[in-house]
1. With +1 on each Lys and Arg Cβ and -1 on each Asp and Glu Cβ, and nothing else charged, work out how big the dipole of region 19-102 is about its Cα centre, in Debye to the nearest 20.
2. So what is the calculated 222 nm ellipticity per residue for the chain, using -39500 (n - 2.57) for each DSSP H run with n of 4 or more, over all residues, to the nearest 500 deg cm²/dmol?
3. Of the accessible area of the chain, with the probe set at 1.4 angstrom, what percent is carbon plus sulfur?
4. Quickly work out the Glu133-to-Lys63 label distance, labels modelled 7 Å from Cα along the C-beta direction, and quote it in nm with one decimal.
5. Over the chain, with the other protein chains present, what is the accessible area per residue in square angstrom, probe 1.4 angstrom?
6. Report the full-extension gain for the segment Gln92 to Asp107: residue separation times 0.36 nm, less the Cα-Cα distance, to one decimal in nm.
7. What Cys residues in the chain have no fellow cysteine's beta-carbon under 4.7 angstrom?
8. If I take R0 = 25 Å and measure r between the Cβ atoms of Val56 and Glu125 in this structure, what FRET efficiency does the formula 1/(1 + (r/R0)^6) give, to the nearest 0.05?
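The values are calculated or read from the model by the stated rules, or taken from the named source; none is laboratory data. These numbers come from a predicted model, not from an experiment. Cβ coordinates were reconstructed from backbone atoms using ideal geometry, including for glycine residues, and neighbour counts include every protein chain displayed. Please note that ligands, DNA and RNA were not included when accessible areas were found on the heavy atoms of the full protein model with its side chains. Shrake-Rupley method; radii C 1.70, N 1.55, O 1.52, S 1.80 Å.
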Amino acid sequence: MTTARDIMHAGATCIQENETLEDAARRMKELDVGALPICGPDDRLHGIITDRDIVVKCVARGKDPRTMTAGQLEQGKPVTIDAGAGAGQVLQAMEEHRIRRLPVVDDHRLVGMISEADLARHLSEEQVGQFVEAVCAKR
């Protein structure tokens, strides 16, 4: 059985809640990613920030990314998946919540992230096609 741990990109880099959106954007550029998990001082996942969040929720609203923090953009409890969950559960969670990135946790600690690219590398064309139809095509 293919698990979330098999699919994920290991070693996700967190942005701390108190770091600025400018810091987040720089880190995204350095890592060549479009999203970063937001972690608190307890190293637990508190949310996810995307490049789109920075643009739409900060810059487009006339706010300053040099002073606005990642924690200020946190909204609700992030959707996560256990590292041992099967591929079907991964797809179900991403489709149900219409998300393109899914944090993977083990014992309440972030161990990786699953993106659309990870799905494409590890799952069948049929499974990826179903995901694309459910999440991307219905926007």
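1. Working: 13 positive and 14 negative charges, 66 e Å.
The calculation lands at about 320 debye.
2. Values: 6 runs with 47 residues, N = 139.
Value at 222 nm, helices only, nearest 500: -9000 deg cm²/dmol.
3. Details: 3660 of 7950 Å².
Carbon and sulfur atoms account for 46 percent of the accessible area of the chain.
4. It works out to 3.8 nm between the two label points.
5. Values: 7950 Å² over 139 residues.
Ligands and nucleic acids excluded, the figure is 57 Å² per residue.
6. Details: separation 15, 0.36 × 15 = 5.40 nm, distance 2.10 nm.
That pair, Gln92 and Asp107, stretches by 3.3 nm at full extension.
7. Cys58, Cys136
8. Working from the Cβ atoms, E equals 0.20.
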